Structures are given as C-alpha cells and as structure tokens.
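Only the coordinates and a few stated rules stand behind these numbers; no lab work does. Since this is a predicted model, take the numbers as computed values, not measurements. Positions of Cβ are backbone-derived with ideal geometry, glycine not excepted, and every protein chain shown enters the neighbour counts.
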Amino acid sequence: MHSSMRIFVAVLNISLLLGSDLSVSSIFGDNMVLQRDMPIKVWGWGETGTQVRVELADIKGQTLVDSDGAWNLELSAKPVGGPFDMLVIADDTLKYSNILMGEVWICSGQSNMGMTVGGSSRINNYKQEIENAHYPNIRHFTVKRAMASNPLNNVVSAGWFPVTPESIENFSATAYFFARDLQKGLEGIPIGLVHTSWGGTKIEAWTSAEALSRAGLFEDAIANVKLSNSEADESYLKAYRQSNAAWINLVDSLAGDLTRNLAFSVAEESWPVMDIPGYWEHTPGFEKFDGIMWFQRLINIPAGWKGQELFLSLGTVDDYDWTYVNGHEVGNNMSTSRASEYAIDPTYFSTGENNLTVRVLDVNRRGGLWGREQDLYLTPVNGGDTLWLAGKWSYKPLMNWEDHEILPPERPYLHNRPTVLYNAMLAPLTNLSMRGVIWYQGESNASRAHEYRSTFPLMIKDWRRAWNQGDFPFLYAQLPNWGERKSIPGEANWAELRHAQLQALELPNTSMAVTIDIGDARDIHPKNKQDVGYRLALLALRDVYGLDVQAEGPKYKSHSFKWGRAVVVFDETGGGLSSKDGGDIAGFSLAEEDGKFYWADAKIKGSKVIVTSKHVKRPVALRYAWGANPHCNLTNESGLPASPFKTDDWPDTTE
C-alpha cells in the first residue's frame, strides 16, 4: 500500500524502564528537541530513595526519588546545538540519542490542528509536500488521544520523528508548515513540535477543573467527570454503539433495502438523472425530501489501473453514506463534517465499465452529495490520471423520512466533557520547558460563542499557570470562512466566535492569525494549511523572535460616525490598504438604531476606510466581514487580510 494511504503504525512508548523500577516521562526520547536557553527539566518515577543521575553533553544533575515515587531534576540551560546524547543513570543506564537544542512549541486544538499532511486529509499539493519534506531538524511528537477524570502524570506516544518523506504524512499539517516557515526565518534553528489535539473538541475539555471551578463554570459536569472511570465510559460507549447499530438496522428494515440489492445491479433506464454535486432539494419534487436516496453512475476504469489500489473522493455528503463499487462496500461515513474518502481494493473492480453506487441517508434539512466538483474523483493511490465524477448520476428515492421520523441516537461525546483532555493530554506535559503554544480551535464552541469570550482567555491563563513560565507566547488561528454565504447582512455564531477570539488579544503576549480568506465554504477542514502555518510563523517571528516582518493584515484601531458615514482607522497597513481581488472593498455593513444592517460601500483613503450606505442615513454601528462565510477583501500590501470586527455591543445571538 502506498505510504500516503498507510495507517501509521508504531509501538507506543508510555515510559522507559530502568533498574529499580525507575522510569522516565515518555516526552523524552531519541530525536527529541529540547528548549534552548532555558533550564532543562527531566522527570520520571521510581522506588523511593533511588538515586538518579542525568547527563546531557557537558551538563549533569542528580536527585533522589521522593516519598511519592516521583523524581525530577533541572539541568542548566544550553544554547542551540547538537546532536547530543542524554544518559539517565540509576542501576542501569538509559541512552537517548540525536537530541537537538532548539525551539519547542506545543501545538493543540481540534481537527484543523490535527489534520495531517497526508493520509485521508489530502491537503493542497499533498504529494509534493510529502516528496519535499526534507527537514531533519524539525521533529514531531504526537500525543495519543486519551481522556482522564483527574490529571495524569504521563502521555502515550510513538515518540519523536524527524521530518522526512516517510514520516511527514502523519504530522499535523498546521504545525509542520508553522515549523517549516519558522525555521526558515530563524536560519535553520531546530524546531520541536509537541502535537496534542483531538477533533471536534470543546475548549472546556482542554481546561483544568481548578480554573473552571474558580470561574463557577460546568460545576455539575466536572463533579460527574470526577466520579467517572474508564470502565463506565466504555460501558456508555458500548451502549451507544449498540443503539446506533439497532437504529441502522431499523432504517434498513423500513427502507426495504437491507440486502443492498441496488448496490449490485446496474441502474435501470427508468431511473432519472441528477446533476452531482448538489443538494437533491434543488430537484423538482424533492424540495422537502428527507430519507434514503440511491445514486449510481458507470465508471470506465483504464487498463493501466489494473491491480492498483484506488482512492475515491466523494467530497461532502449530507448526512450519511454507504458506498459500493460493483456491489462491494468500500466504506461508509457517519459524519457530516468529514469528507467521504475511501480506498478501493484492486479486487473490487476490473478494466472497463464498473458500477459506482452511493446510498445516502439524510435525516433532516438538506441532503445529497453536495461538495465541490473538484472533490469528486477517482485516482490511483500511487499517482496517475484522475477520473472526474461530477456530472449526471442516476438516482432512486427509496424512503421518505417524514413517514417515520426516527432520529438517530445521540452520540456521547465523552471527550468533550470539561477537563478530560487537559487531564490526559496536557497536564502531563506542563513540566516541559518550551517556547510557546499554537492553537487552532473554536468550531465546536461556535454555538456558545458568547461564552467563549470568557472560556478562551480562561484556558490561556490556566495553561500559563500550569507551565509556570510566565506569560509565554500564545498564538492562535481565528476561524476561517465556512458555510453558506448570505446575500444580506445578518447574525452568525461563527462571526461571534471570531469576535471572541479577537478580544482575547487583550491578554498579554497573544497573537492571532486571520484566516477569513483561506477557508472553504463546503469543507469545515480547509485544505490550505500552508497559509495557516505561514501566518502563525510570521507572528512568531515578529512577536517572539523580534524580526522585522509584516505579520498581520489591517487591524481595526478606531472609528467615528459623521455626516452619515463611518470613518474607520486601521493599524498594520503594511505599505497601504488594498483589495485582495482588485475590486471594490467589500464586507462592510452599517446599521442605525433599529439594529438592521445593510451592506455598505467602502473607499480607501490612506490608512482609513470611508464607509457609506444609501440605506443608512444615521449610522450608529459598523461591522466588517460579519458572517460565517462573508464576502470580504480588505488587505494590506502584503496581502494579509483584515480581521472581522464589530463596533456595537448589541447582544450576541449566542448570549
């Protein structure tokens, strides 16, 4: 199987044992990067009274295992350099090799931080990125996903890996591109990335019980977490899996297609055709149809693909799909936020005509294969020509959901309970000396965006308390554009979440990368992670390392209303304000006291933007790029975008 499709397999190292039952934290290992110019903390566990010595090149330290069975010591700071060996000596000696002194960054958040360079993620230009990944002095350490009711003392990981074409596909894409551009700006200094993320997670899961309790937040949920255990959690998950399987069987039974006969047969001539991609609600007669729809088309596989594993991309499917090639199920997707992408075994197809069949179940609102045309394709995993799948597909509606209204069981997102990820995936790392944090999260908190104004700064301060390194740099990505574009200004929880992220800049030593121009309307996981990493690296180079670089787009400074217009003043104009697409400045809206916003005309005048609307005679409120997927284009000469913002303090819809 080609490396871009392999599942990463490695032995998980919890901690390495020495004599006297002595162990070392799993964060230490071959190929690791240690933070330069800071005291080096080393720790582990063992039998009380055991003497432990640690040697790193020319520096040494020793200590005894304390009465709680833990040991830790601190070595003197070292400048950039290496490779070095580290020796941990008790009854026996443990040797770690190829250690570099450089810059260590914690990389955390949800799925857009976890999204990998290769595998099923398939970021932009993923093949070229993998082929060109020759950065042996960038090292990556991934924390295995875990939950805990109380803080743990160690994480599970496969260890540290240098960036090579063989290893890179399973690295966080955002973290890798951040490190790549950071290293270029720092003239080759080694970079260590400690990646600890979990897709679809809420910020309270990454915050300690102490911090949340002091703020009076989630007290009942925290109490329940403390009473929970892994056996109870597994029992809960088992019950959900059983309920979900029963629900799917019930749907199958009601639909009358349990045997999947349609997957094996060729669509009858009586089947009508539909343009794919698109929602089936756009087809006359199906404006309110929810239920099961079968889609099929013939695919003509060239002789050169014989015996090769294929990669099938269907883009985004709403809500669930089961996909077949010649009657063989190649996969199913029960997530509306993840693209439907499958590997096809070479024994499932032959040269010439083959049947591609997709069974789609939609339980509410819109349904169908609705992604972008470029996301529907079939190609050999090892590379080669691409067979594009957008166009006419035969379809057959099978069950109208309104006749049954059987909703799926509620999924138990145990990993979203307050504190559980902090306890398992972050607390064990807080003894590690590091430079700072990059963070990409917020999607899962968008429905409670107003609350994020409190919980996001709370988490940042909580992490800083836990690390005890002062106000270390905390860099984060603001949510990108995503979802349906509205023709008139209105409220949007993603806009409110972005505003909450913007306000977190009031904390010291925080920086925000604006991504409002590099998202994807139809994919909550945009493929352009290169620019996200680049913009985070620019912020680090300027704010952490003191380089003279243009790191931000136009930054709202002030505004005034006069003579029926708004005058907006910006900082960070970077040689002048500009329009990204060369057209008129778009994205501003104005409102009078009635709170009704109208799109407005905007003109650049030096470092200011003059905003007017024929519908608003006496403006009192101004907003920019306010929407889930707004049309906006204000940049500076460097091409970096302005952040969405608002001047009013009217209540949020999520308040």
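Computed quantities for the displayed model
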item	result
Those GluC sites (Glu not before Pro) in the range 407-490 that DSSP places in a loop and that have at most 14 other beta carbons within 10 Å	410, 484
Inter-probe distance in nm under a simple model that places probes 7 Å from Cα toward Cβ, at residue 637 and residue 560	2.6 nm
Gain in span if fully extended, residue 210 to residue 521, counting 0.36 nm per residue against the direct Cα distance	108.1 nm
Using a Förster distance of 56 Å, the FRET efficiency for residue 300-residue 21 (Cβ separation, nearest 0.05)	0.30
Ordering of 607-614, 585-592 by packing [mean C-beta count within 10 Å, highest first]	585-592, 607-614
Surrounding net charge for residue 96, when Lys and Arg each add one and Asp and Glu each subtract one, Cβ distance under 11 Å	-2
19 Å cut-off, amide nitrogen to a point 7 angstrom out along residue 343 Cα→Cβ, residues in the range 302-331	305-315, 323-326, 328-331
Percent of alpha-carbon pairs separated by more than 14 Å within the range 265-325	68 percent
Calculated FRET value between residue 58 and residue 241, using beta carbons and R₀ = 56 Å, to 0.05	0.55
Protection proxy ranking, peptides 553-559, 496-502, average beta carbon neighbours within 10 Å, highest first	496-502, 553-559
Nitroxide proxy distance, nm - points 7 Å out along Cα→Cβ at residue 411 and residue 74	4.4 nm
Dipole axis of the range 555-646 (+1 Lys, Arg; -1 Asp, Glu on Cβ), positive-most option in 573, 613, 561	561
Residues of the range 392-418 with amide N under 19 Å of the 7 Å Cα→Cβ point at residue 227	413-418
Per-residue HN-Hα couplings for the range 68-74 [Karplus 6.51, -1.76, 1.60; θ = phi - 60°; Hz; x = Gly/Pro]	8, x, 10, 9, 7, 9, 10
Reachable aspartates and glutamates, given that their alpha-carbon falls under 13 Å from the alpha-carbon of residue 78 and they are not under 8 places away in the same chain	37, 55, 58, 103
Cβ-based exposure ranking for 310, 237, in which fewest neighbours within 10 Å come first	237, 310
The range 555-646: relative contact order in percent, alpha carbon pairs under 8 Å with at least 6 residues between	34 percent
Sorted peptide list for 536-542, 134-140, 102-108, criterion being average Cβ within 10 angstrom, highest first	102-108, 536-542, 134-140
Förster radius 56 Å - calculated FRET efficiency between residue 51 and residue 503, Cβ distance, rounded to 0.05	0.65
Spin-label pair residue 386/residue 353, simplified geometry with 7 Å Cα→Cβ offset, distance in nm	2.7 nm
Rg [Å, one decimal], Dmax [Å, integer] - the chain, C-alpha atoms	26.9, 82
Set of the range 534-553 residues, backbone N closer than 15 Å to the point 7 Å along the Cα-Cβ line of residue 184	534-542, 549-551
